Ligand code: MRU
């Protein structure tokens with residue numbers, strides 16, 4: 001099932017809040033619909049929100065009534081600002097928006113009509129490159145996955161979180177396709193259950209053996225010797241290798257260290273942010289208290305209780321055995337080895 005599709009000048013987004021119960025697409029013909037879908041997590045996962053935002057920017061540009069190129073550029077920048085403000089942690093969002101803006105500015109002088117075509121082409125390229133990058137990550141990671149490996153993952157870093165195939169789940173898919181006879185433990189991932197609703201759903205559909213556990217079972221699972229390695233995705237990786245990912249990832253990494261289990265992060269270079277020296281600089285989204293006080297629409301906490309609901313945490317680089325990127329495996333020292341990959345945020349060169 002496609003996470004998103006561009007069809008006849010509209011973006012169709014699979015509404016992930018409705019999975020696994022129903023597969024419903026949201027038809028976006030206005031960038032505000034895309035922005036709302038990102039905020040609501042109808043589309044979620046770092047690379048997927050990057051690609052959706054790039055298409056959203058195209059929709060915003062299509063809706064502009066610009067009399068000339070300067071007005072067009074000003075309008076596109078305003079739309080990009082609105083889309084960038086939807087979620088703060090995944091750097092793929094601003095990375096994708098900057099990439100399209102960069103392409104526009106480097107194509108000047110040109111008429112708005114021509115710029116619109118260039119923007120759409122760039123959005124398609126971002127989408128297609130993400131898919132190709134996931135396949136590459138899967139190949140690079142094969143050497144890390146022993147035959148018969150029992151793999152723990154957290155949240156959803158699958159086809160649904162990307163243009164298709166997945167980062168952490170892409171690694172798992174590639175190992176399965178290579179005949180490694182792997183099996184997966186999926187953390188349910190409270191509060192929004194991306195592991196139970198999305199990861200378990202993807203793996204069941206693919207026929208990859210998966211066992212669902214609640215988040216608080218991971219320690220005991222490891223203590224029983226039932227996990228050989230952990231692989232998760234990331235929303236932003238700082239220059240020193242610290243990696244932000246779904247809340248609960250840090251706890252899993254600490255447990256893995258205690259039990260001598262390798263902990264891997266799989267992410268494309270679009271998730272690496274060399275402008276931030278360490279993970280403490282990564283902005284962490286805090287979400288609505290209702291996500292914690294309610295479970296499946298049912299109130300499970302006392303009325304008026306104080307809630308803290310950070311959506312992500314940061315795993316320090318020292319707990320990460322390797323970062324699996326679309327350009328190959330990166331090992332410590334991350335500071336040196338990430339900078340040598342030549343990651344550069346797109347900048348306007350005109
Ligand atoms: O809040 P979400 O569901 O967008 O969080 C997603 C994650 O934390 C993923 O693990 C991460 O974005 C990597 S997706 C390939």
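The values are calculated or read from the model by the stated rules, or taken from the named source; none is laboratory data. Everything quoted here is computed from the prediction, not taken from an experiment. Neighbour counts are summed over all protein chains in view; Cβ atoms, including those assigned to glycine, are modelled from backbone coordinates with ideal geometry.
What pairs can you find where one residue is in the stretch 136-158 and away from the ligand (no atom under 16 Å from the Cβ), the other is part of a helix (DSSP H, G or I), and their Cβ atoms are less than 6 Å apart, with a gap of 6+ or different chains?
145/175
Restricting attention to the stretch 275-282, does a residue exist that is within 15 Å of the ligand (Cβ to nearest atom) and closer than 18 Å to residue 251 by Cβ? Please lay out each step first, then the result.
Let us first name the residues in the stretch 275-282 that are within 15 Å of the ligand (Cβ to nearest atom), namely 279, 282.
Filter once more, so that each one left must be closer than 18 Å to residue 251 by Cβ: 279, 282.
Within the stretch 275-282, one or more residues are within 15 Å of the ligand (Cβ to nearest atom) and closer than 18 Å to residue 251 by Cβ.
Could you grab me the full set of residues in the stretch 81-122 that are part of a helix (DSSP H, G or I) and either within 18 Å of residue 44 (Cα to Cα) or in contact with a strand residue (DSSP E or B) (Cβ under 7 Å, 6 or more places away or on another chain) (or both)? Spell out how you get there, then give the answer.
Step one: filter the stretch 81-122 for residues part of a helix (DSSP H, G or I), giving 81-84, 91-105, 112-122.
Residues satisfying the conditions are 82, 83, 84, 91, 92, 93, 94, 95, 96, 97.
Among the residues of the stretch 251-292, write down those that are more than 21 Å from residue 330 (Cβ to Cβ) and crowded, with 19+ Cβ neighbours inside 10 Å.
The answer is 255, and nothing else.
To keep it simple, each residue is scored yes or no on (1) within 16 Å of the ligand (Cβ to nearest atom); (2) more than 19 Å from residue 143 (Cα to Cα); (3) at pLDDT 95 or above; (4) exposed (fewer than 14 other Cβ atoms within 10 Å of the Cβ).
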site: 298; (1), (2), (3), (4): no, yes, yes, yes
site: 310; (1), (2), (3), (4): yes, yes, yes, yes
site: 324; (1), (2), (3), (4): yes, no, yes, no
site: 336; (1), (2), (3), (4): no, yes, yes, yes
site: 340; (1), (2), (3), (4): no, yes, no, yes
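Select from the stretch 223-250 the residues that are buried (at least 21 other Cβ atoms within 10 Å of the Cβ) and at positive phi and write down the one among them that is farthest from the ligand (Cβ to nearest atom).
241
List the residue pairs whose Cβ atoms are under 9 Å apart, where the first residue sits in the stretch 1-15 and is part of a strand (DSSP E or B), the second is modelled with pLDDT under 95, and the two are 6 or more positions apart or on different chains.
14/1
When you go through 113, 129 one by one, which is the residue that is within 19 Å of residue 99 (Cα to Cα), surrounded by fewer than 20 Cβ atoms within 10 Å (Cβ to Cβ) and within 16 Å of the ligand (Cβ to nearest atom)?
Details: 113 fails: within 16 Å of the ligand (Cβ to nearest atom).
Going through 113, 129 in turn, the sole match is 129.
Is it the case that residue 165 is touching a helix residue (DSSP H, G or I) at 6+ places or on another chain (Cβ under 9 Å) and away from the ligand (no atom under 14 Å from the Cβ)? Walk me through it before giving the result.
On the way: touching a helix residue (DSSP H, G or I) at 6+ places or on another chain (Cβ under 9 Å): yes; away from the ligand (no atom under 14 Å from the Cβ): no.
It is false that residue 165 is touching a helix residue (DSSP H, G or I) at 6+ places or on another chain (Cβ under 9 Å) and away from the ligand (no atom under 14 Å from the Cβ).
Can you confirm whether residue 66 is in a loop (DSSP other than H, G, I, E, B) and surrounded by fewer than 18 Cβ atoms within 10 Å (Cβ to Cβ)? Spell out the reasoning first.
Details: in a loop (DSSP other than H, G, I, E, B): yes; surrounded by fewer than 18 Cβ atoms within 10 Å (Cβ to Cβ): yes.
For residue 66, the condition - in a loop (DSSP other than H, G, I, E, B) and surrounded by fewer than 18 Cβ atoms within 10 Å (Cβ to Cβ) - is met.
Among what's in the stretch 77-102 and is touching a residue at least 40 places away in the same chain (Cβ under 8 Å) and more than 16 Å from the ligand (Cβ to nearest atom), pick the residue that is nearest to the chain's Cα centre (by Cα).
Taking the candidates together, the pick is 97.
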